[in-house]
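Bear in mind that the values in this text are calculations on the coordinates, not laboratory data. What you are looking at is a predicted structure, and each value in this text was computed from that prediction instead of being measured. Every residue, glycine as well, gets a Cβ built from its backbone with ideal geometry; the counts of neighbours run over all protein chains shown.
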């Protein structure tokens, strides 16, 4: 019912957008590779751009690249054309071949582009043709992906974006095991068997957005989001599958306020019968981001998840959670709800235009007296992140370094009702490792013209749950089955040391759709008391890289 009402709302917005407006609205792809092109401008001191809620608006990226004098004319700038100029900044187009039709389509333009005064349409093929070998397990693997990406605008306020991917993959052993266990490729949807030991899976996204004016942006569709300035997020990440949502972004003064309403699923059916749909749950999230001076940004986060329907009850969307103001806990108490509420804090401080620090604190449940006593009470459920970013390190232009520490206590993100867990599509909505872990991540990136070099190293200690036990790692378990009331600590259970190292080298062919050739080397080691799994991966291929894949677990 709620989705039907939202569709009606956007029909009205659509009609208005065709006949009115003065500024195009569109979001850039939620991709670390795409964002890396703008990292220097986005972190410049005093640019006034909020960087912790992704995907970014194109207008934010354009604004970040401007000087203070240029920002005065921001409303008169065509964000679409300005953004295209930015992503092609380091790409030469003066060569004779690049000026021909085939050269432009291969190296600088969309495959199909229609640009009229009040209508724009861009279409590109999206694909990945890659293969490699899992050398430790003597196993070849490959991915065959074909699809299409369409985006554009109608009028100057209405934008749209859609993708479709059809995939067949034979995975390395560790990834194959994860997909067989959950029946889901991490972040990419449900699988079915293909040939003997491969998988077939497909997924699509689609959004429409409307900018009422410089203060309000609305978006409706199916996709993902990310909250934070780090590589990981403990609040909301793009680790899980896409979901239907409605989003309102409000900008005024030095404040950005985001309302996000989501429909989620745990892939459990209402009845043990394939003719029944999957059980639904909903989430309402508020995020308030405030610039304090030119260097410090503070973000306040709040989320509530509630179970929509069961075999004997059809609760549906709880309109009490449409309250547009932050701090849902009073609303939750007022309706006598048992729903899952989480709160968090996101911080960023710019030391200068090339160096910044960031942090997150996530609070699920806690009692201050038990936290202070250090008794390891099971319900002290928190997560902490701390990290830094540095650009042009050692005076080398385009050399980027990032370091990050993540720490999440046992039973965090779990709920009494397993349907109320902080999850979607059999994946955690925050960190890929779930809970009951600590992790260090180091990233180095360097760009030279069309060449990109990306190195990543991580180390984590996780306490996995074994059969019939709940030590707090699996977010899909009910916390009422905890093993012990006190003396709970990170890493309890089946302690696993996970080490990951990778080097990715790519050559960018076309910046408009991130078409590139790539070579990737990776090493993974999972060490348990009586078992060690080692993996060495060598792979290469040809792809368009428009979304993040989190296979480093």
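Summed over qualifying helices (DSSP H, 4 residues or more, each -39500 (n - 2.57)) and divided by its residue number, the chain shows a 222 nm mean residue ellipticity of -3500 deg cm²/dmol.
Find how many whole Å separate the alpha carbon centroid of region 338-368 from the alpha carbon centroid of region 428-467. After rounding, the separation between the Cα centres reads 18 Å. Per-peptide packing, taken as the mean over residues of other Cβ atoms within 10 Å, places 240-250, 447-457, 150-160 in the sequence 150-160, 240-250, 447-457 from highest down. Modelled label positions at residue 253 and residue 416, each set 7 Å beyond Cα in the direction of Cβ, lie 3.9 nm from each other.
Treating r as the C-beta distance of residue 202 and residue 373 and R0 as 35 Å, the FRET efficiency rounds to 0.10.
Does region 384-485 come out rounded, prolate or oblate by the C-alpha gyration tensor, with a ≥ b ≥ c the root eigenvalues, rounded set by a/c under 1.5 and, if not, prolate when a/b is larger than b/c and oblate if not? Taking the square roots of the gyration eigenvalues as a ≥ b ≥ c, region 384-485 is prolate. Peptide packing: for 372-382, 201-211, 427-437, the average count of neighbouring Cβ atoms within 10 Å per residue gives the ranking 427-437, 201-211, 372-382, highest mean first. A Förster distance of 22 Å, applied to the separation of the beta-carbon atoms of residue 36 and residue 386, puts the FRET efficiency at 0.55.
The calculated FRET efficiency for the pair residue 538 and residue 440, based on their C-beta separation and a Förster distance of 30 Å, comes to about 0.75.
Taking the centroid of alpha carbons for each part, region 197-211 and region 106-165 are 11 Å apart.
For the peptides 188-194, 390-396, 82-88, residues were scored by their other Cβ atoms within 10 Å and the scores averaged per peptide; the highest-first order is 82-88, 188-194, 390-396.
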